[in-house]
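The values are calculated or read from the model by the stated rules, or taken from the named source; none is laboratory data. Keep in mind that this is a model prediction, so the values were computed, not measured. Cβ placement follows ideal geometry from the backbone for every residue including glycine, while neighbour counts extend to all protein chains displayed. Note: areas computed on protein heavy atoms with side chains; ligands, DNA, RNA excluded. Shrake-Rupley method; radii C 1.70, N 1.55, O 1.52, S 1.80 Å.
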2 protein chains.
Amino acid sequence: MKIFSRTVVLLFLSAYMYAENGHDLWLRNKNAVSVNVVCAKNTATIAIAKQELQQDWQGAPNASVVLTIKPDKAIKGDGFRLSQTTIQANSDYGVLYGVYELLRRQQTGEEITAAEVVNPSYERRVLDHWDNQNGTIERGYAGRSIFWRSTKDSLVVTEADKKLWREYARANASVGINGSVLNNVNANVDVLTIDYLKRVKAIADELRPYGVKVYLSAKFSAPSQIGGIKTCDPLDPEVIKWWKDKAKEIYRLIPDFGGFLVKANSEGQPGPQDYKRTHAEGANMMADALKPYGGIVMWRAFVYSASDNDRAKQAYEEFVPLDGQFRDNVIIQVKNGPIDFQPREPFSPLFGAMKKTSLMPEVQITQEYLGHSTHLVFLSTMWEEFLKSDTYQAGEGSTVARCTDGSLFPQKHTAIAGVANIGLDVNWCGHHFAQSNWYAFGRLAWNNSLTSEQIAAEWIKLTFQQHASESSDWQANFLTPVKQMMLESREAAVSYMMPLGLHHIMSANEHYGPGPWWAPKKMRKDWTPPYYHQADSIGVGFNRTHTGSNAVAQYHEPLYSQFDNIETCPETYLLWFHHAAWNHQMKSGRTLWSELCYHYDRGVQQVRQFQKIWDKTESYVDAERFLQVQSKLRSQSRNAQLWKDGCLLYFQQFSKMPIPYDIERPVNDLEEMIKNDTRRPQRPAAFSSNRQLNQAH
Amino acid sequence: MKIFSRTVVLLFLSAYMYAENGHDLWLRNKNAVSVNVVCAKNTATIAIAKQELQQDWQGAPNASVVLTIKPDKAIKGDGFRLSQTTIQANSDYGVLYGVYELLRRQQTGEEITAAEVVNPSYERRVLDHWDNQNGTIERGYAGRSIFWRSTKDSLVVTEADKKLWREYARANASVGINGSVLNNVNANVDVLTIDYLKRVKAIADELRPYGVKVYLSAKFSAPSQIGGIKTCDPLDPEVIKWWKDKAKEIYRLIPDFGGFLVKANSEGQPGPQDYKRTHAEGANMMADALKPYGGIVMWRAFVYSASDNDRAKQAYEEFVPLDGQFRDNVIIQVKNGPIDFQPREPFSPLFGAMKKTSLMPEVQITQEYLGHSTHLVFLSTMWEEFLKSDTYQAGEGSTVARCTDGSLFPQKHTAIAGVANIGLDVNWCGHHFAQSNWYAFGRLAWNNSLTSEQIAAEWIKLTFQQHASESSDWQANFLTPVKQMMLESREAAVSYMMPLGLHHIMSANEHYGPGPWWAPKKMRKDWTPPYYHQADSIGVGFNRTHTGSNAVAQYHEPLYSQFDNIETCPETYLLWFHHAAWNHQMKSGRTLWSELCYHYDRGVQQVRQFQKIWDKTESYVDAERFLQVQSKLRSQSRNAQLWKDGCLLYFQQFSKMPIPYDIERPVNDLEEMIKNDTRRPQRPAAFSSNRQLNQAH
């Protein structure tokens, strides 16, 4: 008996300790009660659905759950009809999504009262992995790639690989993600060769039962680089044939291959313009190759040249004239803002402007500009703000969400992409709270009208709850304050990094700390912060009004007029659209300079508040996760102070105005910060062969 | 006319700009009015006295000032009798001190109503320079030595040398300092050889007109090291003769040579105990050699061995039994506290305990343990607290001041020493506010009953006032807040470094940041912080009560009982005398742990407050000094936070109690701090040949 007990204790302990490292994400082991699952069909996916129910059932003991696959007009795509004990869907994938929904409802205590139909907002809910075939990840802060290795035997598929890929797929399926682009958009062409494609097939085989399709980033120069053809001109017959053959080869290995993601004529990548062809001609050629197999092309609109006077305008200028020229299996992938995943940008004016073209939003889950895996920043609020932005392109209420999910414009395909924050770190994302961004992306991709508060509450309950129904004490002392912290965290980051519409003033090398001063003489101007903040003795901010670059004109009225006028422009975007005087009077009655000071300071104070909130949760969370988050928050706090001090002391050189004396003084010296910043290894020259590792996207 | 104007402007500007670098200390150029000075005698010193009056006179225009040298029973030593226009003294040095007093009164606006007699508290008011003959300074944070150079021609005396030495002597004279020990107490024996003595003579020649005598640190092993004698036994006739001859040689060059400072049998230095002789036998032998010339021996009581159970007790145990055995030209130099210049120590129990021996206090002006030349810490309040400490050795009111200035015990000689903070930095001390500590030491050495408030006010007026009588605006917005900051600064440092009686928990290498964790396995225990803080699961602090080392017994009643009892022991000394439980209830009602947290936090908050105070003075102070002080305060603020975080997180490992949640959380990680601390170059092994550069004193 004694021996038995000890074994039980050890097993319990090891399971418990395993759970505390965060590897289980929001899918933690529960003490399930017994359930009986009935389904007429038996596929790998249905087997998973059954297993999940049996493993995590928290409903009525010994209940019978019926899974039905039956077409239904009310059910769209991956959607399902759900009651407490029935799930009906068009496909076994739909059933699986319904299972995860049912289990989530049980675990978060959200009742299912009547039968509900739950349909996804987007057909394709895709993670873009910026993973290089050597195992590194561009802008990855959670260790190396889960798909690729640098070692000699890098293409050998191990059982450990497959287990990890299944875990990954399960996590995706549980929140509705159904696609993965396995390699960096700054693509290495080798991925299209047979050795790599075999590994892609192996990955696809593990992901398939969970409904996750694989996609690849395709380099436009592939026909020359690996096909031996002299040109890559998209109208050249040899080139066209090469891509058709390549598609055929891929689909022979992976019948449900999702398609290509292409970054063309952007930051040095090859593209159709190298042959005087348009983006449409390039994209269509590839789309035609994929068409027979149901594949799509996701073609990025992230283009800008150094010669233009305003980078923010260029994607619009380049793509809007092509509206209507794309094949119906091409979808233009547009970053949420006009520049590049900054802490806050207004929505890209492309949304809603291309009415005859499928458009998909691209957001960044990995925190390239938001503190990497060190800062606790819940990005859901940023994405919610973006998705709910009204473009007015088809009248009031033409939100970005509605402009992209097919409810306003006819789109053959709808999709949304998020740049993944996933790596080999045992907790997947490098920061326990960064998992919430993976979760939130999936949930919003499934339902683009969810609120961040709902998502945060779900995630906290699934991730930290010990029991399906925790005490009111837990709710008051853990759920409520932690949710509050998450919901405030992005605005805090905006405040201590780039408040009031400031953007792209980060340190050039890592995109981590402040760097408003960074401007080497020979550097492309549009890669240096002074290009964006334009600080001078008069004021600060980029004049994008009709007296400046007139980027405001790309917005539909009434936004054009609203943004153009400094009195009506929302203060959150003030310095995005205006070069405002230091003594410009803000709505608070303060000068712009003072307001800037208060914003930076508030950001710092908020992070300190987060530290207090977290420290108070100590008795409600396991030691391992508690200490890791506590330590990260300390770094974030120091870092927020660096941002505040660096930016205020730098801008003060222009404003010549004192930092209001009721604000805590800077503790870092500007000269020292600049010295430390420029002392770091510079990123490689823009067009060197190393650019794949360190470039913007 | 135009050319003339421009010249005037340029002259004005350059004089102005020169002043702003701080080199003029508290002796800034004033726009003097005309004065007529009358003196019957004409010496180099009187010439200086006249020049100072003419240069800085702020009294009635065209007044006649009469300087008289005439013995007077009421005037003691360097004292003087002062009215608005007359100065009478025993010597021309006394006249010079009177001149500086008169000018200071004019510049600070303190009236002289009736004739006053002003006498010094101590006969000898000495700066100890820990300057090595290679030009480095042990615990010097203001550049290299003003006396010694490392270059080949290091002994050549230049005009620049002489000018600097005169400026140094003038500054000393202006606050009453009349002696300088020119070399490190960890002495290099070469200073007693003729080449070095010639340089000492050159220095003495420049210092003499200002009344500053030179002294030397003498190494006890000199007879062997440079005399070729086999022993240094103080009772050996050859040794005795060698020192007599050496004294004769020195006095031939420098007739007013002050004498020797000796660190013997301390931290590896040679001494009489090497020959089984007592400190008294060693000191007396040297005193006999100096006696014919009026020289004295300042013999340090800073001795401790690794074997004893409490370092704090050892000086007392070693020296008290020798009371009455010393020659009358020996004076025992005792550090203010029993350990070593910590931010706060109770007074050394030797004060008042040796009633038949001359004792002199040694304080540290250089901020070895108080933030070097980075932290703004006005030390006057520490010295005032020390001098006013009641020893009860001759009944109530037996303050340390009265025990050492001759008012309670017969002492042939009285003296006080301060370890200098002076180097080649253009502002002399490395921090503009560190000048106030040089100033305060001189003022307290002259008058050991002055208040720190008085000293701070004087120094601020002399150092920052543009005009002799500044506006009330200046008083309200500069004098008052800056004085407040200075007066609070030492308590702030105690709070963020070592509150509640904690001591010696600094980083081992630089004695700068926190290092409570530092304890390499083979290190002498009494050189590691854990020896001093004794933190364990029960509590923290060194038990020096009757249940512990019983160091309390070295204090005279009622102090013995007061310190021995945890209920009556002042909380400022709690952890000095007691190993108190983490949950010990403090007078505030808080636990010891909480109180510790609040102290550390308060220290940090205070430095932030100093930053605000200083920032608000911007319009009242020149840009050069404003910016330098502002920058130092920023570093101090960061550093205070490191102290708080390092100490609280370290001690929390023992207390296991939460940091009160209304306190700002740590932003630094303990592991990281320990790693950074131990990553720095270790100081050389205790008895290596390099020890002179890095040892404690």
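Is it the case, given these coordinates, that residue B:614 is part of a helix (DSSP H, G or I), touching a helix residue (DSSP H, G or I) at 6+ places or on another chain (Cβ under 8 Å) and either within 13 Å of chain A (Cβ to nearest Cβ) or free of Cβ contacts under 8 Å to residues at least 60 places away in the same chain (or both)?
Yes, satisfied.
Go over the candidates B:338, B:361, B:346, B:410 one by one and state the one that is in the same structural domain as residue B:168 (by TED's automatic domain parsing) and surrounded by fewer than 23 Cβ atoms within 10 Å (Cβ to Cβ).
Only one candidate passes the filter, namely B:410.
Need a quick list: helices (runs of 4 or more DSSP H) entirely within segment B:429-507 having at least 1 residues that are of a type in the set (Phe, Trp, Tyr), free of Cβ contacts under 8 Å to residues at least 60 places away in the same chain and not assigned by TED's automatic domain parsing to the domain that holds residue B:647.
none
Out of all the residues in segment B:297-310, which are within 22 Å of the chain's Cα centre (by Cα) and within 24 Å of residue B:501 (Cβ to Cβ)?
Scanning segment B:297-310 gives B:301, B:302, B:303, B:304.
Got a sec? Which of A:285, A:298 is more than 19 Å from residue A:555 (Cβ to Cβ), in contact with a strand residue (DSSP E or B) (Cβ under 6 Å, 6 or more places away or on another chain) and modelled with pLDDT of 95 or more?
Checking each option against the conditions leaves just A:298.
Please work out if residue B:635 is touching an Asp or Glu at 6+ places or on another chain (Cβ under 9 Å), at the interface with chain A (Cβ under 9 Å from one of its Cβ atoms) and among the small types (Gly, Ala, Ser).
Judged against the criteria, residue B:635 is a match.
Has segment A:311-327 got at least one residue that is within 24 Å of the chain's Cα centre (by Cα), within 15 Å of residue A:364 (Cα to Cα) and not assigned by TED's automatic domain parsing to the domain that holds residue A:511?
No, segment A:311-327 has no match at all.
Which ones in segment A:267-308 are among the acidic types (Asp, Glu) and in a helix (DSSP H, G or I)?
Result: A:274, A:281, A:288.
Would you mind telling me which numbered condition in (1) more than 12 Å from chain A (Cβ to nearest Cβ); (2) surrounded by 22 or more Cβ atoms within 10 Å (Cβ to Cβ) residue B:604 fails?
Just one mismatch for residue B:604, condition (1).
Any residue at all in segment B:673-687 that is within 22 Å of residue B:494 (Cβ to Cβ) and within 12 Å of another protein chain (Cβ to nearest Cβ)?
Yes, there is a match, as at least one residue in segment B:673-687 is within 22 Å of residue B:494 (Cβ to Cβ) and within 12 Å of another protein chain (Cβ to nearest Cβ).
Tally up the residues in segment B:617-655 that are without any contact (Cβ under 8 Å) to a residue 60 or more places away in the chain and among the hydroxyl-bearing types (Ser, Thr, Tyr), please.
3
Go through segment B:617-632 and report how many residues are crowded, with 18+ Cβ neighbours inside 10 Å, within 11 Å of another protein chain (Cβ to nearest Cβ) and among the aliphatic types (A, V, I, L, M).
Final tally of qualifying residues: 0.
Consider segment B:656-670. How many of its residues are in contact (Cβ under 8 Å) with a residue 40 or more places away in the chain and either at positive phi or more than 36 Å from the chain's Cα centre (by Cα) (or both)?
Total meeting the criteria: 3.
Looking for something at pLDDT 95 or above and among the small types (Gly, Ala, Ser) - is there at least one such residue anywhere in segment A:644-656?
Yes, the conditions are met somewhere in segment A:644-656.
Only one of A:202, A:142, A:160, A:115 is in contact with a Ser or Thr (Cβ under 6 Å, 6 or more places away or on another chain), of a type in the set (Gly, Ala, Ser) and more than 22 Å from residue A:49 (Cβ to Cβ). Can you tell me which?
Checking each option against the conditions leaves just A:142.
From A:254, A:250, A:240, which residue is within 20 Å of residue A:299 (Cα to Cα) and open to solvent by less than 10 Å² (accessible area, probe 1.4 Å)?
On inspection, the qualifying residue turns out to be A:250.
Can you tell me which residue in segment A:661-690 is modelled with the lowest pLDDT, limited to those that are in contact with a Lys or Arg (Cβ under 8 Å, 6 or more places away or on another chain) and either surrounded by 19 or more Cβ atoms within 10 Å (Cβ to Cβ) or not small (Gly, Ala, Ser) (or both)?
Only one residue tops the list, namely A:684.
Among B:154, B:64, B:145, B:150, which is modelled with pLDDT of 95 or more, of a type in the set (S, T, N, Q) and outside any strand (DSSP E or B)?
Of B:154, B:64, B:145, B:150, the one residue that is modelled with pLDDT of 95 or more, of a type in the set (S, T, N, Q) and outside any strand (DSSP E or B) is B:145.
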